[in-house]
Amino acid sequence: MDTPRRTNRGPSAGPGNRRALIDAARTVFAARGYDAPLSSIAKAAGVGQGSLYRHFPDRQSLALAVFEENMLGVDAIAADPTTTLRDLLDYITVITEGTAAIFAALTADPADERAQSISTRTMAAIRSKWDARAGVVGPSATPEDVELAISLVAALVASTPRDKRHETAAAAWDLVLRGLSD
C-alpha cells in the first residue's frame, strides 16, 4: 500500500509550521513532560523533524518559544495601570499550571540569554506592580522574595500530577503569601 506523500509547500509554510510546532509543544510538554520525544511534537504538529529542527535547533529553543508567548501576557499585565501584584501572580499561576514542564528549560542553562531575559522581564513586571502590592505581601517583603516564591511554586507545580496542579498551586501560594505578609 502506498502512503501519500506530503506536498512540500516550501518557504511559505514556515510561519504556519512554526505556529503548529509551538502549539504542539505546549500540548505535548504539558501531557508528557519536558523530556517528551521531539519526534512526538513534530508528529503532533503535522510536520517532519527537519522542519522542527529548522525552526528550533534544540529542545530548550522550542520550550522557550512556548514560554515567550506566556511572557506576552505578563508584559501586558505589567503595562496595565489598573492591575495589581495579585493579578500578576494569578496570571503567572495559571501559566505555571499549564506549562509546568517548561520551567526545566528556564533553569537548564543559567547562562542562556533567552532564559535570563524571561527572568528579567518577570522581575520588571513584579517591580511595576510593587506599589499595588497592598494585601498581597507585607512591608518587609521584597520583589526578590516574590520572584523566589514564583520559582518555588513553579517547581512544586512542575512535580505535581496535572489534575492536582491548581489545588497544589493555590495551597502553595496561600502558604507562601502568609509568610510574606509580615
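Some points to look at:
- Residues (exposed (fewer than 13 other Cβ atoms within 10 Å of the Cβ) and in contact (Cβ under 8 Å) with a residue 40 or more places away in the chain) located in region 137-158: Ser140
- Considering residues of region 160-182 that are touching a residue at least 24 places away in the same chain (Cβ under 8 Å) and of a type outside the set (A, V, I, L, M, F, W, C) only, the residue surrounded by the most Cβ atoms within 10 Å (Cβ to Cβ): Arg165
- Some residue of region 47-69 being modelled with pLDDT of 85 or more, closer than 24 Å to Lys129 by Cα, within 19 Å of the chain's Cα centre (by Cα) and β-branched (Val, Ile, Thr): no
- Just one residue in the set Ala76, Ala44, Ala31 is surrounded by fewer than 19 Cβ atoms within 10 Å (Cβ to Cβ) and touching an Asp or Glu at 6+ places or on another chain (Cβ under 9 Å); that residue is Ala44.
- Checked against (1) more than 27 Å from Val28 (Cα to Cα); (2) outside any helix (DSSP H, G or I); (3) modelled with pLDDT of 85 or more, Val146 meets all criteria but (2).
The values are calculated or read from the model by the stated rules, or taken from the named source; none is laboratory data. Please read these numbers as outputs of a predicted model, since none were measured by experiment. Every residue, glycine as well, gets a Cβ built from its backbone with ideal geometry; the counts of neighbours run over all protein chains shown.
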